[in-house]
1. Based on the mean of other beta carbon atoms within 10 Å per residue, what is the order of 36-42, 154-160, 95-101, most packed first?
2. Can you run phi through the Karplus equation (6.51, -1.76, 1.60; θ = phi - 60°) for the stretch 28-34 and list ³J(HN,Hα) in whole Hz, with x for Gly and Pro?
3. Calculated FRET efficiency, ASN46 and THR153, Cβ-Cβ r, R0 30 Å, to nearest 0.05?
4. Could I have the simple spin-label model distance between ALA12 and LEU116, label points 7 Å from Cα toward Cβ, reported in nm to one decimal?
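FYI, it's all coordinate maths here, none of it is from the lab. Values in this document were obtained by computation on a predicted structure and should not be read as measured data. Backbone-built Cβ (ideal geometry, glycine too); neighbour counts: all protein chains shown.
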Amino acid sequence: MSDLVVHPTSTAQWHALVSEAESASGCVLQEDLESYLVFLLMRFVNQPHMLARVLAMDYLRGLSASDRARREKLQEVGDHCLLFSGLFPQQAERRMVKISYFVDLGRVAYSQTAELTPTQMASVYTDLAREFVSLMDILQTMRALQGRQSQLTPLNAFDLWNETGSRHARRVIEELTDAQPVAGPERSDGSDDDHTPLH
């Protein structure tokens, strides 16, 4: 656990936490994604009730809304999926779904938000969809840096690593087990990198 350094503003505090987690996770975000994550975390502090949301229903409501409302609802679904998968992955088990469910839904929601966004912000949502797993890894690493117990069981970690390529999940497997898991032939992100066994 790292020593807590108090920064002059809440924005600076969150930025420092995100930067530290980036370094520890080996994920480097573009400045716009880093800022997005910081402000998402700041908004979440005031919205703890989001844990009670049924994201699939929010997603369906978003699809049937008018363009602006649809964009806002889909962005919200993406944001909540990122927070669920990064900070509260145990919610997946409680809801009897895999963590990759939140990853897949969040990516789709951000991608569709990008399609509905006519401004240069569209590229940010495209990047959020593409870098979703890295953002999730940073949030999970942030929890670990604060001395909180991993929210991933060995089985959940293996599923998440196998299906998304999550670096954080791979580290959890290495720390919790002596097993040498081998990734399957397919991942939800369509990647085929890093399919070598763990040693």
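1. 154-160, 36-42, 95-101
2. Per residue, the Karplus-derived 3J(HN,Hα) values read 10, 8, 5, 4, 5, 6, 4 Hz.
3. For R0 = 30 Å, the calculated efficiency reads 0.50.
4. In this crude spin-label approximation the distance works out to 3.8 nm.
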